[in-house]
Amino acid sequence: MRQTHGAPGVPGAPGVPDATGAPAPLPPPALLDGRPVDPKELRALALTGYGHFTTLRVEGGRVRGLDLHLERLTRDGRALFGTAPDPERVRELLRRSLTLYEGTTVGEPPAVTVRVTVFDPALDIARPDAADRPAVLVTPVSY
């Protein structure tokens, strides 16, 4: 069953009725290290903004400049946390997120915008320098 809502907005946008009146499906939930994220785990990110991200467009199962996105995540992870996410792990997390889209098959991947954020969910707002266990948050942004 499709998850939808009737919010006003642009036809065809997630949850917004299209020309036929049928709401478009909502994107799947965000995944933190490959599992559904608990909103409490986003508190550190919301309160401090301490982390880094890249936003990419997936079309036909491919991302233009994916190596550059992965290089940015690696470089910035080292700068902020002294460690970087494994690029192959990030690729796997992206694949996992994309398989959650309704109607997605191996042969027909969706065209979607995805944000990959690296942050420490256990970050203490009083001591941002203590951030040392970064996690990877994959957030589908739109179809």
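Cβ-Cβ distances below 6 Å connect the following pairs, each with a first residue in region 38-59 that is open to solvent by 40 Å² or more (accessible area, probe 1.4 Å), a second residue that is assigned to a strand (DSSP E or B) and of a type in the set (Lys, Arg), and a separation of six or more residues or different chains: Phe53/Arg115; Thr55/Arg115. If you go through region 47-59 and keep only what is assigned to a helix (DSSP H, G or I) and in contact with a helix residue (DSSP H, G or I) (Cβ under 9 Å, 6 or more places away or on another chain), you end up with just Thr48. Among the residues of region 39-74, just one is touching a Ser or Thr at 6+ places or on another chain (Cβ under 7 Å) and farther than 26 Å from Ala131 by Cβ, namely Arg57. Taking each residue of region 111-140 that is part of a loop (DSSP other than H, G, I, E, B) and looking for partners that are open to solvent by 40 Å² or more (accessible area, probe 1.4 Å) and hydroxyl-bearing (Ser, Thr, Tyr) with beta-carbon atoms closer than 8 Å, six or more apart or interchain, yields Ala111/Tyr143; Asp120/Tyr50; Leu123/Thr48; Leu123/Tyr50; Ile125/Thr48; Ala131/Tyr50; Asp132/Thr83; Pro134/Thr83. Note on region 60-98: residues that are assigned to a strand (DSSP E or B) and open to solvent by less than 60 Å² (accessible area, probe 1.4 Å) amount to 1. State which residue is nearest to the chain's Cα centre (by Cα) when the search covers only region 88-120 and only residues that are of a type outside the set (Val, Ile, Thr), under 15 Å from Phe53 (Cβ atoms) and at pLDDT 90 or above. Going through the qualifying residues, I end up with Arg115.
The values are calculated or read from the model by the stated rules, or taken from the named source; none is laboratory data. These numbers come from a predicted model, not from an experiment. No Cβ is skipped: glycine too gets one built from the backbone with ideal geometry, and neighbour counts run over all protein chains shown. Accessible surface is based on the protein model in full, side chains and every heavy atom, while ligands, DNA and RNA are left aside. Shrake-Rupley method; radii C 1.70, N 1.55, O 1.52, S 1.80 Å.
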